[in-house]
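Values quoted throughout were computed directly from the atomic coordinates according to the rules given, and no laboratory measurement underlies them. Just so we're clear, the structure is a prediction, and the values are computed from it rather than from any experiment. Cβ sites come from the backbone with ideal geometry, for glycine too, and all protein chains shown count toward neighbours.
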Amino acid sequence: MTFQVENLACRRGMRMVFRNISFSLRSGEVLLFTGPNGSGKSSLLRVLAGLLPPQQGDIRWNGQAIDMADHRSRLHYLGHYDAVKPELTVAEMLDYWRVLQSGSEALSPVFGLEELKKASIRYLSAGQKRRLALARLVVKQAPLWLLDEPLTSLDQAGQELLKDLVRQHRTAGGMAIIATHHGMDLPGAQQLSFAGVSA
Amino acid sequence: MTVIELLRHDLRLQMRRPGEWAALVLFFIAIILLVPFTVGPEPELLRRLAPGLIWLATLLMSLLALDRLFVDDARDGTLDLILLSPLPLPLIVAVRLAAQTAMMLLALMLVVLPAILMLGMNVIVLPVLALGFMLGIPVLVLLGGIMSAVTISLRRHPAMLTLLLIPFYIPALIFAVAACDAVASGVSPLPHLLLLAAMLALLLPTAPFVIAAALRNGQG
């Protein structure tokens, strides 16, 4: 599997957020986006997920221009927001995600959420909500992970869990693109740093 | 199976917001309650105005209820997951609209009888009013769904939804109230109800697709 991006550019409103982005990823590889706030990391991830249209450039999977429906089913996107509903319990939330992602297996919550299965999400801390959001990554197998600042609000143990998860994902042949301003020590990861493109 | 699970989720989410629905129900009652103070308490006048007033209160209530149809999901990131779901987007949208319709009909069931008593509405109008709700509420929800999806990228301007919706609501309002007036004056309400049904028949198969397209392209 290869995921290739060539000459990608994105404009939001009047502002050019980034341009001339090119990279290529193979099975088991990780790409880290680093850069200051507002440099376009999140926009790039949204473009790669197909949530935003690119201004120009090509996105290819195995050498072919991506078909949006196929692309959606092979990726996991973890955005800024946890996408959790305060009205629901942890188990109900996981169940909804399983339905949305057409995952088949009944999901066992991970990340130290086992005891919180029946707890209302209203009473979870920011870090616990983030862990819950990370549990989406195991609802369904997907070869391409797009993670936007996944370390936010996570404690030390949570960060280790996430790194473990990425490691397992790589061993299984998956690829991950991670935007972070913390820096994440993942051995052998490619780096793409955003200086912030001025229009 | 998927449809049932989606529907259960949407309904459950609404059921867990009793405060919001209580506010809507009270809003409806408040409008009806205030009418005699504004137009005067003559029973004959109130009886004649009753269907129109009930529909007006329904419409205002639905404007408030529909405001949040997709906005919450857009704010908390759920909309991204919905857009990335392998399930057909129009299906997810249709389920959401069905849940909203069911909740609105349920809320109306609670308030319509007190409203009828307060205004002294003629009882023979009741079946036509109920039929009008069955046909008209889905129309309001489908139109509201289109507008709230179109305005999703204008999240900072909530008034836009109301401004855009009112012209489209007017035909539904006219037919629904005319049906009630017809039966009250001994004429057949059928033509008006059929026109309302025609609006529903037009919107039902098209609106979910329009909404899906608007949500997909509203991500700028």
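With contacts defined as alpha carbon pairs under 8 Å and 6 or more residues apart, what's the relative contact order of chain B in percent?
Contact order relative to length: 27 percent.
Below 8 Å between Cα atoms, with a sequence gap of 6+, how large is the relative contact order for segment A:47-199 in percent?
23 percent
Under the rule of -39500 (n - 2.57) per DSSP H run of 4 or more residues, summed and divided by the residues of the protein assembly as shown, what mean residue ellipticity at 222 nm is obtained, to the nearest 500 deg cm²/dmol?
So the calculated ellipticity at 222 nm is -18500 deg cm²/dmol.
Per residue of segment A:15-31, what does 6.51 cos²θ - 1.76 cosθ + 1.60 with θ = phi - 60° give for ³J(HN,Hα)? Whole Hz please, x for Gly and Pro, Karplus curve as stated.
3J(HN,Hα) across segment A:15-31, in whole Hz: 9, 7, 7, 7, 7, 6, 8, 9, 6, 9, 10, 10, 3, x, 9, 10, 10.
Please say if segment B:118-220 is rounded, prolate or oblate, where rounded means a/c under 1.5 for a ≥ b ≥ c the square roots of the C-alpha gyration tensor eigenvalues, and otherwise the choice is prolate for a/b larger than b/c and oblate otherwise?
Cα axes put segment B:118-220 in the prolate bin.
Give a residue-ordered list of calculated ³J(HN,Hα) values for segment B:76-84 (Karplus: 6.51 cos²θ - 1.76 cosθ + 1.60, θ = phi - 60°; whole Hz; x for Gly, Pro).
So the J values, rounded to whole Hz, are 9, x, 5, 4, 4, 5, 5, 5, 8.
If exposed trypsin sites (Lys or Arg not before Pro) are those in a DSSP loop with at most 13 other Cβ within 10 Å, what is the longest stretch of chain B that has none?
By the stated rule (loop sites, at most 13 other Cβ atoms within 10 Å), B:1-154.
Suppose we flag trypsin sites (Lys or Arg not before Pro) only when DSSP calls them loop and at most 14 other Cβ atoms lie within 10 Å. Which is the longest uninterrupted stretch of chain A? Present the calculation step by step, with values, prior to reporting the outcome.
Working: sites that count: A:LYS117, A:LYS118.
Longest site-free region, per DSSP loop and neighbour criteria: A:1-116.
What's the magnitude of the charge dipole for segment B:3-219 around its Cα centre, counting Lys and Arg as +1 and Asp and Glu as -1 at the beta-carbon? Answer in Debye, nearest 20.
Once rounded to the nearest 20, the dipole reads 220 debye.
I'd like the projected area of chain A, averaged over all directions, using the convex hull of its alpha carbons. Report it in nm² with one decimal. Don't jump to the answer; show the numbers that get you there.
Numbers: hull surface 44.5 nm².
Result: 11.1 nm².
Can you give the Rg/Rh ratio of chain B, where Rg is from the C-alpha atoms and Rh is the Kirkwood radius?
Dividing the radius of gyration by the Kirkwood radius yields 0.99.
Neighbouring Cβ atoms within 10 Å as the yardstick, rank B:THR78, B:THR162, A:THR171 fewest first.
A:THR171, B:THR162, B:THR78
Report, largest value first, the span of the C-alpha coordinates of the protein assembly as shown along each principal axis, in whole Å.
83, 47, 37
If you filter segment A:1-74 for chymotrypsin sites (Phe, Trp or Tyr not before Pro), then keep DSSP loop positions with at most 11 other Cβ within 10 Å, what is left?
none
Checking the cross-link filter: which lysines have an alpha carbon closer than 21 Å to that of A:LYS129, excluding same-chain neighbours under 8 positions apart?
Of all the lysines, those that pass the test against A:LYS129 - Cα under 21 Å, at least 8 places apart if same chain - are A:LYS85, A:LYS117, A:LYS118, A:LYS140, A:LYS163.
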